[in-house]
1. Does segment 565-573 contain any residue that is modelled with pLDDT of 70 or more and out of contact with any Gly (no Cβ under 7 Å at 6 or more places or on another chain)?
2. Inside segment 161-176, can you point out the residues that are open to solvent by 40 Å² or more (accessible area, probe 1.4 Å) and touching a residue at least 40 places away in the same chain (Cβ under 8 Å)?
3. Out of all the residues in segment 712-730, is one or more touching a Phe, Trp or Tyr at 6+ places or on another chain (Cβ under 6 Å), at pLDDT 80 or above and more than 18 Å from LEU745 (Cα to Cα)?
4. ASP437 fails exactly one of the following numbered conditions: (1) open to solvent by 40 Å² or more (accessible area, probe 1.4 Å); (2) assigned to a helix (DSSP H, G or I). What is the number of that condition?
5. Enumerate the strands (runs of 3 or more DSSP E) found wholly within segment 738-809, keeping only those where 1 or more residues are among the aromatic types (Phe, Trp, Tyr) and either open to solvent by 50 Å² or more (accessible area, probe 1.4 Å) or at pLDDT 85 or above (or both).
6. Does ILE69 satisfy the condition of being over 20 Å from THR212 (Cα atoms) and open to solvent by less than 20 Å² (accessible area, probe 1.4 Å)?
7. Which of the residues that make up segment 237-249 are crowded, with 20+ Cβ neighbours inside 10 Å and under 41 Å from the mean Cα position of the chain (by Cα)?
8. Considering segment 234-255 alone, what residues qualify as being among the charged types (D, E, K, R), more than 26 Å from HIS169 (Cα to Cα) and in contact (Cβ under 8 Å) with a residue 12 or more places away in the chain?
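The values are calculated or read from the model by the stated rules, or taken from the named source; none is laboratory data. All values reported here derive from a predicted model rather than from experimental measurement. Note that each Cβ is placed from the backbone with ideal geometry, even for glycine, and that neighbours are counted across all protein chains shown. With ligands, DNA and RNA removed, areas are computed over all heavy atoms of the protein, side chains included. Shrake-Rupley method; radii C 1.70, N 1.55, O 1.52, S 1.80 Å.
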Amino acid sequence: MWNKTPKRTRRELFYMTGFLAVIILFITAGATLFYARQSRALAEEQKENLSAIADLKSSLIESWYQERINNAWGIADSRSFAEATAGWFENPKDGRLKEAVATRLRSLLRYNQYEAILLLKPDGTVMMAINDTSKHVGPKVTGFITQALGSGRVLTSDLYYCPEAKRPHMDFVAPIAYQGRRTGALILRVDPSRFFYPLIRSWPAPSRTSETLLVRQEGDSVLFLNDVRHRENTALKMKEPLTDTKLPAVMAVTGRTGTVEGYDYRGQPVLAALRKISGTSWFMVSKVDAEEVYAPVKKLFITVALLAFFLTGVAAAAVVIVWYQRRNQYLESLMSAEAQLKESNTNLLDSNQELAATVEELTASEQQLKAAEEELHQQLDDLTRNQVELLQSKQQFQLLADSAPDAIFIQIDGKYAYVNKACLSLYGAKRPEQLIDSPIIERIHPDFQEMVTERIRTINREKSDLPAVEYKHLKLDGTPVDVEVSVVPFEYQGDNGALVFMRDVTERRKIEQELRHSQKIEAIGLLAGGIAHDFNNMLAGIIGNVELLAMKLLGNRELSAYVNNIANAADHAATLTRQLLTFARKGRVIWQPTDIHNLIDDTCGILEKTIDRRITVNRQLDAVLPAVNGDPSQLENMLLNLGVNARDAMPEGGLLTFSTRDEVLNSDFIKNHGYQIEPGKYLLISISDTGDGMDNNTLKHIFEPFFTTKDPGKGTGLGLASVYGTIMNHKGAIEVKSEPGKGALFNIWLPSVMSVAPEKKAAGPLADDLTGQGRILLVDDEEMVREAAQNLLKHLGYEVYTCSDGAEAVGFYGEHQNEIDLVIMDMIMPVMNGMDAFIKLKKINPKVKVLISSGFSAGRDSDELFKLGLKGYLGKPYHLADLAAKIKKVINEEPG
């Protein structure tokens with residue numbers, strides 16, 4: 001058959017077979033190149049995914065470990081807990097302290113998922129066990145207790161297997177110190193199987209063979225700290241020798257990091273990511289079987305091979321069809337040519353030309369087919385690369401946006417195209433579908449819709465960044481929220497739009513407003529304190545001269561009445577200055593444990609006898625620890641001022657209620673309210689009334705000196721200002737809630753103490769004979785005060801020397817120290833103040849007797865002088881009896 005085939009037909013068959021071989025070669029080369037590129041890309045993607053998972057897991061483990069350390073530090077640094085623990089250890093029968101300690105530990109156990117909490121004495125005696133009836137402390141943990149008490153640091157026992165509990169444990173040991181001594185230790189015991197091991201086992205994506213191993217080196221072996229996936233009950237029991245260098249766990253403990261290939265404990269080839277857990281002796285191995293990792297590559301190989309086989313078959317079929325067509329055409333044309341050879345040479349020539357044209361068309365088609373094939377391969381490569389880049393870019397954007405603390409959304413044509421988790425939270429939405437494709441303008445407060453519409457037009461038109469602005473958005477329930485908004489142009493899924501960043505500034509505005517109010521009150525306080533000081537100096541001169549005049553006018557009733565009126569006015573002015581000093585926090589505070597319940601009882605007793613009987617006074621005293629450290633006089637005056645203020649707000653009668661309760665204020669509560677106090681235990685004092693109430697404008701100025709809503713002559717405007725100063729003096733905070741017609745509520749927080757307030761002592765009798773003898777050096781820069789005091793002292797029988805400033809007094813005393821029995825000195829003077837002058841006098845004569853007299857009440861400077869030997873403090877203005885009694889007491893003291 002072959003021999004009968006014409007030579008030309010055989011030649012065409014040969015050419016077409018060669019052409020088919022070339023096509024098969026191109027298909028095979030293209031498929032091989034495509035498979036090589038895709039397999040490398042898939043392998044790199046699997047390694048990157050494994051590395052990202054390992055970074056996430058190691059970060060979660062380190063965060064869990066550090067959170068336990070921080071918990072231990074938080075309880076160890078708690079002064080209130082240390083104070084309660086020390087008190088209970090010294091008095092184990094005190095049930096109240098024991099319950100306070102137990103409540104704190106139970107709260108810590110409940111909110112932090114510890115297995116047990118043990119409280120021990122320094123000798124290791126277990127005083128309290130929360131959720132651990134065995135009270136077991138192993139020898140290894142006992143050693144950590146000794147180290148923790150010695151170093152003052154929080155120590156951990158690492159993971160260990162507890163034979164008594166028959167499961168792994170981990171202990172965090174925190175020392176407890178009170179007043180500079182170690183009073184005990186706290187053990188926070190963790191059962192890793194509850195949270196830690198599940199945290200390690202979890203995997204962010206479905207997988208048949210993936211697992212995370214936590215290991216550490218123990219001698220010449222690697223110890224597995226958690227249960228492995230393919231074996232049971234291996235935590236803290238399974239070990240592998242360090243000589244097995246193909247084991248990823250061995251690579252990790254010997255210093256290898258990154259992504260490696262090796263064989264796991266089953267002998268299976270795996271791909272593993274190795275990480276060191278900072279702050280611990282642990283190493284983490286996140287691994288997946290190589291078979292699972294490279295399964296997509298195998299699938300790709302089969303797909304590419306089938307595609308190449310299919311294309312080869314198509315090409316072969318096409319060549320065969322063309323050959324048969326060409327063979328038939330050739331035979332037909334040959335037969336036609338033989339039949340018509342004799343008829344027309346012209347027709348034969350035309351047939352030959354037509355055949356040549358057909359061959360040229362076939363050649364051109366063949367070249368076009370090759371070009372089309374090459375272009376198809378190039379487009380396929382570009383499409384694959386673009387799809388991979390687009391997928392990676394989308395995944396990275398999703399990850400970054402969802403982890404951002406600020407709200408982020410994408411705007412396309414004025415509608416939401418994407419929202420992150422923080423954006424859902426800001427709007428109060430649960431699902432993205434509640435916002436996606438809805439108009440943004442619907443979530444804008446009406447006052448800002450015109451401005452936002454213009455900003456959307458600008459970003460869509462100009463495609464440039466817009467400056468950050470603040471305005472109001474609306475949550476899904478219609479609640480307005482203040483936000484700071486920044487906008488940048490952004491292309492999303494092929495559409496031009498904008499990437500919008502929003503930050504909730506509601507709390508920031510609230511804190512800024514409270515800070516400005518606090519600074520305003522502080523500035524007014526400084527001004528009020530300065531005025532009160534200068535006013536007290538003037539009152540000292542007035543009262544001194546009035547008392548001298550009164551003694552001169554004994555027996556003259558008419559003139560004495562005038563003098564008494566002047567004295568009463570001066571005393572009233574002195575009361576006002578004391579209130580100003582209290583507001584300015586420059587009043588003298590006598591620190592002692594004070595029972596607020598006793599003060600409330602006294603205050604209510606006074607009010608019940610003096611105010612309108614149509615006002616009912618109620619007490620609801622629920623505080624278990626009603627004692628605070630403070631000045632009883634100032635605190636009682638504070639309560640009385642608030643009671644009187646409530647009385648004035650209820651001219652038609654009503655209900656006045658005093659109540660107390662114990663509270664623990666944390667840092668979040670204090671920060672949100674803008675208070676300048678420390679976290680801890682506080683006594684909450686609440687005074688409420690059912691009176692007229694106050695509007696917002698009144699509430700803004702309520703604590704300012706001289707601000708009052710009462711009629712002229714019926715109020716000084718200093719009552720609530722002194723209340724504010726008293727609370728600031730006692731390191732507390734105050735809150736006022738009121739609306740017109742709904743009464744008022746004053747909430748006061750003062751730091752509570754566990755000490756018992758001392759009982760009041762009756763005042764002793766006053767001395768009848770106030771005259772005396774001695775030589776006194778009087779130092780004051782105010783001439784009127786100096787002259788009045790000099791005359792009073794001479795009237796009492798003393799010899800008086802005067803100086804106008806501290807430097808003059810130091811020089812005079814240095815020359816006449818043996819002639820002077822007592823120095824009375826002002827605190828604030830030009831050239832040299834009272835404190836510096838006192839120190840120099842002590843250097844001249846360590847036994848010098850000095851009284852300080854000042855328009856300010858005793859403060860920190862005076863406290864320092866008392867430590868250096870100051871004999872007393874005399875506040876201006878003073879009366880003759882006070883001055884005489886103080887001088888007589890000091891002069892009659894033995895020098896020392």
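1. Going through segment 565-573, the residues modelled with pLDDT of 70 or more turn out to be 566.
When the remaining residues are screened for being out of contact with any Gly (no Cβ under 7 Å at 6 or more places or on another chain), the result is 566.
Taking every residue of segment 565-573 in turn, at least one turns out to be modelled with pLDDT of 70 or more and out of contact with any Gly (no Cβ under 7 Å at 6 or more places or on another chain).
2. Going through segment 161-176, the residues open to solvent by 40 Å² or more (accessible area, probe 1.4 Å) turn out to be 161, 163-164, 166-167.
Of everything in segment 161-176, just one residue is open to solvent by 40 Å² or more (accessible area, probe 1.4 Å) and touching a residue at least 40 places away in the same chain (Cβ under 8 Å), namely TYR161.
3. yes
4. (2)
5. Working: elements: 744-751, 775-779, 799-803.
Correct list: 744-751, 799-803.
6. Values: over 20 Å from THR212 (Cα atoms): yes; open to solvent by less than 20 Å² (accessible area, probe 1.4 Å): no.
No: the conditions fail for ILE69.
7. PRO248, ALA249
8. Of the residues in segment 234-255, the ones among the charged types (D, E, K, R) are 237, 239-240, 244, 246.
From the residues that got through so far, the ones that are more than 26 Å from HIS169 (Cα to Cα) too are 244, 246.
Passing the criteria: only LYS246.
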